[in-house]
Amino acid sequence: MSIFQGLHASASALTTQRLRMDVISSNMANVDTTRAKMVDGEWQPYRRKTVSLQPQGQQFSSFLGVAMGKTSINAAGEGVRVSRIQEDVNTPFKPIFDPEHPDADAEGYVYMPNVDPLREMVDLMSATRSFEANVTVLNANKSMLMKALEIGK
């Protein structure tokens with residue numbers, strides 16, 4: 001196990017949480033976008049995007065094996081990474097009655113993006129808290145490494 005493995009794990013977490021915040025910001029910026037992409041000759045509203053994360057390296061079973069003494073410490077995980085950014089296709093668009101809107105259908109409804117600002121704010125708070133927690137871990141790890149260097153003085 002490298003002394004820098006903790007720094008690497010925290011750095012990967014900071015990178016992924018920053019990407020989560022960027023995707024959430026994009027969702028919030030497009031909350032009223034009714035013409036995001038053309039599908040079959042018709043404009044579709046913006047679809048909410050989500051970020052999926054997964055561990056780098058080993059799975060939870062390897063950590064359990066380390067804790068139980070069945071595997072070596074080198075089998076432990078190496079941080080986190082983004083596995084994919086996907087569109088939320090399960091949540092329907094929100095119909096709003098506005099017959100004067102240029103994107104209204106024949107019945108006068110405009111389909112707005114499936115972005116819920118409240119949900120986005122909760123996700124943003126979660127990503128921000130995770131980012132702050134990882135900064136704290138990174139600083140603690142750095143402090144321990146500095147104290148280890150002082151032992152040799």
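Comparing mean-square fluctuations of ASP88, ASP32, ASP98 from a GNM of the chain with C-alpha springs under 10 Å, the top value falls on ASP98.
Of all lysines in the structure, the ones whose alpha carbon falls short of 29 Å from that of LYS94, not counting any fewer than 8 places away in one chain, are LYS37, LYS49.
Modelled label positions at ARG119 and ARG84, each set 7 Å beyond Cα in the direction of Cβ, lie 1.8 nm from each other.
Based on alpha carbons, the Rg and Dmax found for the range 81-153 are 23.7, 80 Å.
THR91 to LEU53: FRET efficiency via 1/(1 + (r/R0)^6), r the Cβ-Cβ distance, R0 25 Å, to the nearest 0.05?
Working: r = 20 Å, r/R0 = 0.80.
Between THR91 and LEU53 the formula returns 0.80.
Amide H contacts of ARG81: GLN54, GLN56, each under 5 Å away and 5 or more positions distant or on a separate chain (H built 1.01 Å from N in the peptide plane; Pro and chain starts excluded). A straight Cα-to-Cα reach below 14 Å connects LYS142 with the aspartates and glutamates GLU150, residues fewer than 8 places away in its own chain not being considered.
So what is the accessible area of the range 1-62 per residue, in Å², with the probe set to 1.4 Å? With the other protein chains kept in place, the range 1-62 gives 59 Å² per residue.
The calculated P(r) of the chain, using every Cα pair and 10 Å bins from 0, goes 10, 26, 24, 17, 12, 7, 3, 0 in percent. Protection proxy ranking of 130-136, 14-20, 91-97, by the mean of other Cβ atoms within 10 Å over each peptide's residues and highest first, is 14-20, 130-136, 91-97. The angle separating the long axis of helix 5-29 from the principal Cα axis of greatest extent in the chain is about 10 degrees. For the range 144-151, putting each phi into the Karplus relation 6.51 cos²θ - 1.76 cosθ + 1.60 with θ = phi - 60° gives couplings of 5, 5, 5, 5, 5, 5, 6, 4 Hz, in residue order, rounded to whole numbers and with x for Gly and Pro. Selection among ASN134, MET21, PRO92 by position relative to the dipole of the chain gives ASN134 as farthest towards the positive end (Cβ unit charges, Cα centre). With the full set of protein chains in place, find how many percent of the accessible area of the range 94-153 is carbon and sulfur; take the probe as 1.4 Å. In the range 94-153, the share of accessible area belonging to carbon and sulfur is 63 percent. Within the range 97-141, which residues have the backbone N less than 20 Å from the label spot 7 Å out from MET38 along Cα→beta-carbon, could you tell me? Those under the cut-off are 102-105, 111. One decimal place: the segment SER26-LYS147 gains 39.4 nm when fully extended, by the rule 0.36 nm per residue minus the C-alpha distance.
The values are calculated or read from the model by the stated rules, or taken from the named source; none is laboratory data. Since the structure is predicted, the reported quantities are computational estimates derived from the model, not experimental observations. In this analysis, Cβ positions are derived from the backbone assuming ideal geometry, glycine residues included, and neighbour counts consider all displayed protein chains. Accessible surface is based on the protein model in full, side chains and every heavy atom, while ligands, DNA and RNA are left aside. Shrake-Rupley method; radii C 1.70, N 1.55, O 1.52, S 1.80 Å.
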